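Following: one structure in structure tokens, then a few remarks.
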Amino acid sequence: MNRISSWARKWGPGLIPLGLLWVGAIWTNTSPLETDIASRATAALKGTILDKTRISVSGRDVSLSAEAFSEEGRRSAASQVEAVAGVRLLDDDTRLIREAKPFEWSIERDVVRITLGGNAPLPASKARLADAARAAAAGTEVSDRMDLARGAPPRFDAAALLLVEQIGKLKDGKIILSDTAVSLTGMAREIGNREAILAALKNLPEGYSVKENAIKAPPYIFRANKDPVANTVTLEGYVPDNNVHAAIVAAVGRKFFAEKLVDNLKASAGAPQGFQNAAVAALGALSRVSTGSLTISDREVKLSGDALYAVAADQIRGGIGGELPQGWSVKADVSVKPVASAVDPTVCQQLFFELLGKAKIRFESGRATIDKDSMGLLDKLIETALRCPTANIEVAGHTDSDGDNTANMALSEKRAQAVSDYLIKAGLPPDRLKAVGYGSSQPVAANDTEDGKAKNRRIDFVVK
């Protein structure tokens, strides 16, 4: 016993450092091994699609935790780690990611952001959809709230990416993909966007279909503004196509005899039925006001402005509705422009000359019926006549030399009388007006060209 005590006292102090060195040796030899195994196990999983992957190593024993997207992928991941050189035991804690039934995905837009929701089948799919949403967002914030899940139908990525492209065409709304059924709600951003979305949906992958489409189109807007100061008629908004565009521009040329056209119209689908006829009729009413604006919103016409005299205001208010297609409505807020100061007969004649130098009163071919396109010009002539209350006016009708002289004389007189009657209905005293037909006896141009003949077919106002 004494010998043992003596040995312990002699060697004991040296055993403690030796023990520490032994533990340190074991630690320094084990830690690099674990790091190496962990690194090689991670590399073995590089081509495997997993989520929430965690690898821990204790000595040569490995624990693998992950969520796999298929049973085959789960088993493959475990086998690849187990096959890593140096691994003794594998604690396999892999499991399948949840399955979504039905498999739903959505994209929603409001005034603040675009939100991706529902499920995505793979991390790569999730990333692609988020990137596509940012590309379509045009600077709008994108919020990714998608979860990963199994159960996506075939060709999910192609269908969802096509739907993401449509979100840029919405002012607000939501698109839902439930398995292979598509539902859409909301408001299109611009005219034509609803039709563009419908066209795009025809390219959905095979097996996918539209269950519900509640996308609304914004109002189809057409505007015209008459500015007497700038002497312009400005057109804005939409027309269905180039043919209707050309017809409206031509109507402006016929009805607005002095104003310069500012054409800012754009062609777009979605016009209500009867749009062209309604627009032309409404422009005819606008041509009769001194200053005013016209707005067509879907099937509603709104006109405001100042008529040149009281009878014209009544005619515009009561007449425009009867010229619109069935199913259209009108709101006409038409007041009467204050009467301009009186002028003497000499100035009055000059004003008539200037007006009829810019345009002429038109009639139906071979008849004495006044063309509606001349209403704006006639109103300006009546306004001028009202400014010279002491002057007598001869309404003189003229024709070209084609045809029988007697017939030409009769036609010119009937046309002059039709204009005189129009002025009387507007409020001018009958005793101040005299209708005279001159036939082809007073030409202002040669009758050997169509242009010359057109100039000779005219109505003159002569102050007596």
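Determine if the stretch 381-395 includes at least one residue that is of a type in the set (G, A, S), touching a Leu at 6+ places or on another chain (Cβ under 8 Å), modelled with pLDDT of 95 or more and over 14 Å from V463 (Cα atoms). Scanning the stretch 381-395 turns up no residue that is of a type in the set (G, A, S), touching a Leu at 6+ places or on another chain (Cβ under 8 Å), modelled with pLDDT of 95 or more and over 14 Å from V463 (Cα atoms). Of the candidates K255, K266, the single residue that is surrounded by fewer than 18 Cβ atoms within 10 Å (Cβ to Cβ) and touching a residue at least 12 places away in the same chain (Cβ under 8 Å) is K266.
Contact annotation: residue pairs with Cβ atoms under 8 Å, 6 or more positions apart or on different chains, pairing a residue in the stretch 422-442 that is open to solvent by 40 Å² or more (accessible area, probe 1.4 Å) with a partner that is among the aromatic types (F, W, Y), are G427/Y309. T291 - would you say it is open to solvent by 70 Å² or more (accessible area, probe 1.4 Å), closer than 30 Å to P389 by Cα and of a type in the set (V, I, T)? When the stated conditions are applied, T291 does not pass them. Residues that are at pLDDT 85 or above, open to solvent by less than 30 Å² (accessible area, probe 1.4 Å) and not assigned by the TED database to the domain that holds D172 do not occur anywhere in the stretch 5-20.
The set of residues in the stretch 196-240 being of a type in the set (K, R) and in contact (Cβ under 8 Å) with a residue 24 or more places away in the chain consists of K211, K216, R223, K226. Mind listing whichever residues of the stretch 121-135 are buried (at least 19 other Cβ atoms within 10 Å of the Cβ) and either within 29 Å of the chain's Cα centre (by Cα) or touching a residue at least 40 places away in the same chain (Cβ under 8 Å) (or both)? Once the filter is applied, which keeps residues that are buried (at least 19 other Cβ atoms within 10 Å of the Cβ) and either within 29 Å of the chain's Cα centre (by Cα) or touching a residue at least 40 places away in the same chain (Cβ under 8 Å) (or both), the stretch 121-135 yields P121, L129, A132, A133. Taking residues in the stretch 149-176 that are acidic (D, E), and partners anywhere that are part of a loop (DSSP other than H, G, I, E, B) and surrounded by fewer than 22 Cβ atoms within 10 Å (Cβ to Cβ), the pairs with Cβ atoms closer than 7 Å and at least 6 places apart or on different chains are D172/D110; D172/V111. For the stretch 422-430, check the following and say yes or no: at least one residue is within 26 Å of A310 (Cβ to Cβ), touching a Pro at 6+ places or on another chain (Cβ under 8 Å) and in a helix (DSSP H, G or I). Yes: one or more hits. Pairs linking a residue in the stretch 80-100 that is under 14 Å from A68 (Cα atoms) to a residue that is of a type in the set (S, T, Y), with Cβ atoms under 6 Å and 6 or more positions apart or on different chains, are D93/S65. Filtered by the rule that a residue be surrounded by fewer than 19 Cβ atoms within 10 Å (Cβ to Cβ) and of a type in the set (A, V, I, L, M), the stretch 269-288 gives a lone residue, A269.
Set side by side, the residues K360, K331, K302 differ, and just one is touching a strand residue (DSSP E or B) at 6+ places or on another chain (Cβ under 7 Å), of a type in the set (D, E, K, R) and not assigned by the TED database to the domain that holds V280, which is K360. Here S441, S420, S365, S374 are screened, and the one residue that is modelled with pLDDT under 95 and over 19 Å from V347 (Cβ atoms) is S365. S56 falls short on exactly one of the conditions (1) in contact (Cβ under 8 Å) with a residue 60 or more places away in the chain; (2) open to solvent by 60 Å² or more (accessible area, probe 1.4 Å), and that condition is (1). Just for the stretch 181-224: of the residues that are touching a helix residue (DSSP H, G or I) at 6+ places or on another chain (Cβ under 7 Å) and part of a loop (DSSP other than H, G, I, E, B), which one is surrounded by the fewest Cβ atoms within 10 Å (Cβ to Cβ)? Only one residue tops the list, namely N203.
The values are calculated or read from the model by the stated rules, or taken from the named source; none is laboratory data. On a predicted model such as this, the values are computed, not experimentally measured, just so you know. No Cβ is skipped: glycine too gets one built from the backbone with ideal geometry, and neighbour counts run over all protein chains shown. Please note that ligands, DNA and RNA were not included when accessible areas were found on the heavy atoms of the full protein model with its side chains. Shrake-Rupley method; radii C 1.70, N 1.55, O 1.52, S 1.80 Å.
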